[in-house]
Every structure is written in C-alpha cells, then in structure tokens.
Amino acid sequence: MAERPSLTSVSGKTETVLRPKLKRGPKPKPIVEYPEPSAEDWTDPPTFPEALALHMMRHGDSCNHLHRAIIRPGDKTDRKTIQTWVVGAKSPGTVESLAVLERIERRYRLPAGYFHEKLDRSGRAAARPAIAKLTTAERRRLAWHLPSDFSKRPRREREEILAWVRSVIIEGATDYRRFQREATQQRFSLRFPGILRDGPVRGGDPGRVDKAEGTELACRDAPLHLQQEVGRLIAFKTSILAPSGLLRQGMWGEETASQKLEHLGLLFGALRSPADGEVKGLGVPIDRLCLAMLLFPSLWDWYLHWREDRRGFYTSWEINMLDFALSLARDKTGWMRQHPDLADALQPVDGLISTADVDEARRDWDAVCDRFTTYALNRKKDVQRVAKVHRDPFEPILPILEAESPVGEYRKITEEILDRMPSARRYPKAAAEAVRAFLMLRFGLHLGLRQKNLRQLRFCVRGGHHSSEKQLERLKCGELRWNDLSGGWEVFIPAVAFKNASSSFFSRKPYRLLLPDLGRLYEFIDLYLVRDRQILLGGAEDPKTFFVKSAKLTTKNAAYSQVGFYDAWRLTIQRYGIYNPYTCRGAIKGLLPHGPHNVRDVLATHVLKKTGSYEQAGYAIQDSPEIVAKHYGRFFPHDKSALAAVVLNQAWET
C-alpha cells in the first residue's frame, strides 16, 4: 500500500512521519469457510468448466475471491489459473492442482471427487510419483496406474499398490511372464544383420556389441563365415523356386525365416557365452562356430540340458528345434545334407567335437547326417515324453473366455477407451493414440487376423483408386477400402498374404469382409484417416499402412515391427483392459496383459460356445477345424452340455 509523508516538529526538530495511504473503493469481501449457496436447486452441468462456473456463481465467488479463500502459504496456484479453468482453456492435471480442486469441493460442500469426475481425460498420467530407487522411465510407466492421491496415502498402502501394479499390470503375474522377464535380461544372442532385408550377406562387424551391454553379456553380430552360411540357408528356403540342382520340401515366409534366425542366434549365442559367466554357456571361441556343428549329438545333448537348467523342464520349444535340425539333415531334401562343403568350416572343440569327428565329416558327410538323424528322432521322443506346457495361451484372458459371451466381454475394453477418450482439441496426440488403440481392438474382433496381416494392412481413402489383387499379391498384404456397391468399409487380403495360404479355407481365393457400421466404427475410421493418422506420423515417412507408430523426432520408419505392434496392443490392455481396484479404471477384473493373437482365441471360443461348431469357429479366424480344436478353442464338457441343454429344454417349453 502506498504511503504519504507528513512533517511534525519534535523539540524544535522536524521529523518525517509516514502515514498509510487509504485505498479507495469497497472493502474486500470477508472470507467465509463455507459460504451459503444462493439456490438449493440446480442442474448439474456435464463439463468441468461449466460446473465450476455454476458453483462459483451459486456461492458468490469471483476467481479472485475463491483464490484468496482456498490458497495456502507456499501454494503455486495463482488467480489466473482458476480463470483458465473457468473458461476451459486449461484443466487441473498435476497433483497440486487436484489438491486445490478438493479444497473447492469441500468449500462448496460437494461430494468428494465431484469435479474430478468431470475432468476431461487427457490420456496422460496426472504426475510422476516421487518414488525413490526408480528410473524416470519406470516412474512414467507406473504413473498411469496409480491413484491421484497416491502420495498422500500411508507408506504401507503405497507399497501395496506398487507391488500390485508391478505384478499384475506391468509384468503379467504368470509364471511364464516372470521367466520371460528374467531371461530377457540376459542378452547373449548372435545377430545375422542384413540377411532378410538385403539378400546375400555383404559383410558385418563380428566385434560389434550393444553399447549398453558389456563384452561378456551382450548381443553381437555372428562371425562373417557363419553369417554367409546362414544367408545361404535362408535364401534356399525363401526363394520362390528351389535353386537349380537342389531339392527342397516346402518354403519359408519372411516371418518363419525371421523366427529361424532368432532361434539360431540363441543357440550359437549360448555356445559362445563363457561357462563361468551369468549365462553359463559353453565358451566356444566365436571363430569356430559354424552350421556343421548342428550335426553332432554332443552339441544337442549339451544344449538341451542347458535349456532345461534355465527353465526347469523341457517344452515344445526343444522339440521344434530338433525338428528344425532334422529337416536340415533329411535325406535328399535337407539343405545341409546337400552341402557337404559345410564340413570345411568345422574345427575341433574341446568336449564337443574331436579331430576324428572333423575328419569323418569331411570324409563321409552322409554317414554323419544319417547318424544325427537317428539320434535326433530318438531324442525327440525322449523330450516329448517329459515336455510340459509353460505358456498357457488362455491364462491371460481366462475371465473373457469363461464369460457367456467372450466377444461381448472383450468389447468392454473398446468401450472403456471411448469413455476415457481425451479431448482432441487440447490433447491431439493422446486422442489420436486412443483412436488408434480403439481401431486396433475393433479390427481384431471383427477380422480375427493374425498380427502380421493386421499390422501390414494398407488403406485406400474414400473415392481413391484401390490396389489391384495382383499388386497386393506382390506386396503380400491386404487393404482397407471403401466399397461403393455395399456402401461400407471392406477389408480385402489375397490368399498368399496369409501364413496358412494353402489351407482349404482359402482355396486360393482372396479374403474379403465388409466391416459392420456398429459401435461408431465407421466414425472413428474416417476420423483416424482424416486427422489422427497424420498427427501420429508427425514428420516421419509414411509407410502406407493403416496403423502407424507415434513418431518421434528420431523416428525414421513409422511402420510397426512385430514386437512394436505386440507392445502397442499390450499397452492398450494395460491401460484400458485390466481393472485396477485402486483407480477404479479398467474394463475387466482378472484380465492380464496379452497381445493381438489372443483375440483369435476369443473369437473361436465365442463361436464354439454359441454354435458348438469347430468349422464355423475356423471361419472366424481363417483356419481349419483341426487347428481350432488343437490350438484356439476353449470348449469344455460343461460348455458342450449347456449348449445341448438349450435344445433339449425347448421340448419342455411347448
């Protein structure tokens, strides 16, 4: 407050005395802790800005007066912040802002959480919790699943919440997920760069290791001679026609070839890892690794025991690896059987391959292949007798499969996404990611496609010129297009794009399905193509696929990889699918994180429960009844009895 001077005389001396200058205008309105409302009856507005403005008016508060009434010493919220809330320019999002909101609710004697329920869901966590011993990335990941008052809760309760979130939402809470998480911490695999993308191996850096890892425990490139051998094998199995002079039984698609590369990388990575290290490998010098080693029973005995020690038991994985090795040594059509020159790279390895073994392989290659074939067939039978199922594919989605309508239960997740859809005006990227998540799940539920076909799906906008069947066959992918005759969005995929292209389901005919205009599906397809997809792309190059990643400044390719698409689906389930008792968000109690392949289980089980027909269940996921019965359908005796009872009980209703 400004002050004005006045002159006074004391003992003959003149002194200056400052007197306060009186402020003009009315006196400030007194602060009342609980002001009385001007009216008891009022209509509840749907949005937060409207509700806040209404109750301020009912209680005679201006932004300035409300600020003076609720702000405490040390608070950083100023008067202009409340003004932005009232006009809708901003909304509370931080822990401090939400605490101020709670004081306003108490001042107006409103139910706890009244304003919080009206807040526009931003699709972002309110704040990163200040938890010691956590990295920034982990705090960001956990913040999505913590209640807004987490920091105010007792320490014991905070620890309980963190333990539950880590166990159920982040990790998945199954034995297999725990094993997988621990196993992925040990990065020891060998890589084969450039084989699938660039054709023949052009070289490499065998000494290159991941920067974040040490020299002992790290992924690194395979030695050049091993890369060349594996490159020849992949070229043999993926070429349209078998190379001249060679025989072949079947061919691999890109996904299968990628899987075989990964499995070979793990095998050779275990062999080269030090015996006294964390991986407890065999310690074979990396320059002695070669494909010819796969024909020696001593190598497989060590590798099978090594995998059993890591997991605790044998699984179908070991059986599949033996089948893979058998196919390489098969008489007449095995690739290794037809390449005796592979023996030239063999070198003795202590405790594994002797000098005599090397000499025999170079002298009589067929005898080595025959002996290995006999060994592998018998060892495969031994493993089959004791193999256990480690990963139950149904476990993460049991609450859905056990529901009367599995598809209806899974649909709740898409409805949860819509209920928590952020404002596209205030949070454009978060809204675009939510729309993408909604469409991912809806497409999965309507189409029943494998991840590859869904991930590589292209699109043609309304009125555009769609790709021809031959063009899509060459690309081996499908396309979403507008069908003028049917007046709807249609998915068209040539048979060659499917993993089981030779199945009787296709009979070499393309897959075609008209998507239903239900549950706002068409609305969000149009919205995604017009607005959201471009927001997600940012400045990255357009891969021409329908689904694209959220591009960052460093993103060069916005196309999803196999792992990236799985992670995006799993993240959607974590945020919207799993019911969280501490935040009361999430659609389904007991659900666990899972990927897109589980939707095929949901569709097959739903059809089985409704019709009892394995053939119709196969129609839903483009597969044969035998495959449905073996891998997809969860159809128990009580489900069969209940279905029959519906028919039998009709006799008593007449």
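The values are calculated or read from the model by the stated rules, or taken from the named source; none is laboratory data. On a predicted model such as this, the values are computed, not experimentally measured, just so you know. All Cβ positions, glycine included, derive from the backbone under ideal geometry; neighbour counts span all protein chains shown. Remember, those area values only see protein heavy atoms, side chains included, never the ligands or the DNA or RNA. Shrake-Rupley method; radii C 1.70, N 1.55, O 1.52, S 1.80 Å.
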#### Entry: aspartates and glutamates whose Cα lies under 18 Å from that of K470, excluding same-chain neighbours fewer than 8 positions away
E479, E490
### Task
Rank by packing, highest mean first: peptides 399-411, 240-252, with packing defined as the count of other Cβ atoms within 10 Å averaged across residues.
399-411, 240-252
## Note on the structure
Karplus-derived 3J(HN,Hα) from phi for region 245-260 (6.51 cos²θ - 1.76 cosθ + 1.60, θ = phi - 60°), whole Hz, x at Gly and Pro, runs x, 10, 10, 9, 10, x, 9, 9, x, 5, 5, 5, 4, 4, 5, 5
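Given all pairs of different Cα atoms, what value in angstroms does the Kirkwood hydrodynamic radius of region 524-654 take?
Numbers: mean 1/r = 0.0550 Å⁻¹.
Evaluated over region 524-654, this radius sits at 18.2 Å.
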### Equivalent-ellipsoid semi-axes of region 419-507, from the Cα gyration tensor, Å, largest first
28, 17, 12
### Task
Within 10 Å, count the other beta carbons around each residue, average over each peptide in 540-546, 564-570, and list them highest first.
564-570, 540-546
### Task
Quickly estimate the mean residue ellipticity at 222 nm for the chain, helices only: each DSSP H run with n ≥ 4 gives -39500 (n - 2.57), and the total goes over all residues, rounded to 500.
-13000 deg cm²/dmol
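Need one number: convex hull volume per residue for region 238-367, Cα atoms only, in Å³. Please list the in-between numbers first.
Numbers: hull volume 15.6 nm³, N = 130.
Output value, Cα hull per residue: 120 Å³.
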### Query
Short version: ³J(HN,Hα) in whole Hz for each residue of region 556-571, in order, from phi by Karplus 6.51 cos²θ - 1.76 cosθ + 1.60 (θ = phi - 60°), x for Gly and Pro, what are they?
9, 10, 8, 6, 6, 8, 4, 5, x, 5, 4, 5, 5, 5, 4, 5
### Query
Ranked from the most accessible area to the least, with a 1.4 Å probe and all protein chains present, what is the order of H225, H55?
H225, H55
### Task
Please report the relative contact order for region 32-107, taking Cα pairs under 8 Å with a sequence separation of at least 6, and give it as a percent rounded to a whole number.
32 percent
### Query
At a probe size of 1.4 Å, how large is the accessible area of S641, to the nearest 10 Å²?
70 Å²
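As an exercise, find the ratio Rg/Rh for region 606-654 from alpha-carbon atoms, using the Kirkwood inverse-distance average for Rh. Write down the numbers at each step before the final one.
Working: Rg = 12.5 Å, Rh = 11.5 Å.
Taking Rh as the inverse mean 1/r over Cα pairs, Rg/Rh reads 1.09.
If you take the square roots of the eigenvalues of the alpha-carbon gyration tensor of region 317-409 and sort them as a ≥ b ≥ c, do you get rounded (a/c under 1.5), prolate (a/b over b/c) or oblate?
Numbers: a/c = 3.58, a/b = 2.97, b/c = 1.21.
Taking the square roots of the gyration eigenvalues as a ≥ b ≥ c, region 317-409 is prolate.
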### Task
Could you please state, rounded to a whole Å, how far the C-alpha centre of region 590-624 is from the C-alpha centre of region 507-568?
23 Å
### Task
Kindly express, to the nearest 10 degrees and within the range 0 to 90, the angle between helix 48-58's C-alpha long axis and the longest C-alpha principal axis of the chain.
20 degrees
### Query
Taking H as built 1.01 Å from N, whose amide H comes closer than 5 Å to the amide H of Y511, not counting residues under 5 places away?
I493, A495
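Pairs of alpha-carbon atoms within less than 8 angstrom and 6+ residues apart define the contacts here; what relative contact order does region 266-346 have, in percent? Before the final figure, lay out the partial values.
Numbers: 64 pairs, mean separation 18.4, N = 81.
Over region 266-346, the number comes to 23 percent.
Given all pairs of different Cα atoms, what value in angstroms does the Kirkwood hydrodynamic radius of region 498-566 take? Walk me through the numbers before you get to the answer.
On the way: mean 1/r = 0.0681 Å⁻¹.
Radius from the Kirkwood sum: 14.7 Å.
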### Pairwise centroid distance, computed over Cα atoms, of region 34-50 with region 401-445, Å
32 Å
### Task
Would you kindly work out the equivalent ellipsoid of region 333-380 from its C-alpha gyration tensor and give its semi-axes, the square roots of five times the eigenvalues, largest first in whole Å?
18, 15, 9
### Message
For R585, what residues show an amide H to amide H distance below 5 Å, using hydrogens built from the backbone and excluding near sequence neighbours?
### Response
N580
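Which whole-number percentage describes the relative contact order of region 589-637, with Cα contacts under 8 Å and a sequence gap of 6 or more?
Details: 45 pairs, mean separation 17.4, N = 49.
Taking the mean separation of contacting Cα pairs over the length of region 589-637, I get 35 percent.
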### Query
What percentage of the solvent-accessible surface of the chain, computed with a 1.4 Å probe over protein heavy atoms, is contributed by carbon and sulfur atoms?
51 percent
### Task
Name the residue farthest towards the positive end of the dipole of the chain from the options A540, I413, L267, assuming +1 on Cβ of Lys and Arg, -1 on Cβ of Asp and Glu, about the Cα centre.
A540
### Summary
If amide H atoms are modeled at 1.01 Å from N in the peptide plane, then the residues at a separation of 5 or more from F459, or on another chain, having amide H under 5 Å from its own are L480, F546
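With +1 on each Lys and Arg Cβ and -1 on each Asp and Glu Cβ, how big is the dipole of region 292-424 about its Cα centre, in debye rounded to the nearest 20?
Numbers: 18 positive and 24 negative charges, 32 e Å.
Charge dipole of region 292-424: 160 debye, to the nearest 20.
May I ask for the equivalent-ellipsoid semi-axes of the chain, computed as the square root of five times each C-alpha gyration tensor eigenvalue and listed largest first in whole Å?
Each semi-axis is the square root of five times an eigenvalue, giving 61, 34, 25 Å.
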### Message
I'd like the Karplus ³J(HN,Hα) series for region 596-608: coefficients 6.51, -1.76, 1.60, θ = phi - 60°, whole numbers in Hz, and an x wherever there's a Gly or Pro.
### Response
x, 5, 5, 5, 5, 5, 4, 5, 4, 5, 4, 5, 4
### Query
Any idea of the accessible area per residue across the chain, 1.4 Å probe, to the nearest Å²?
54 Å²
### Message
Please compare each pair in K237/K556; K76/K118; K76/K152 to a cut-off of 25 Å on the Cα-Cα distance and tell me which ones are over it.
### Response
K237/K556
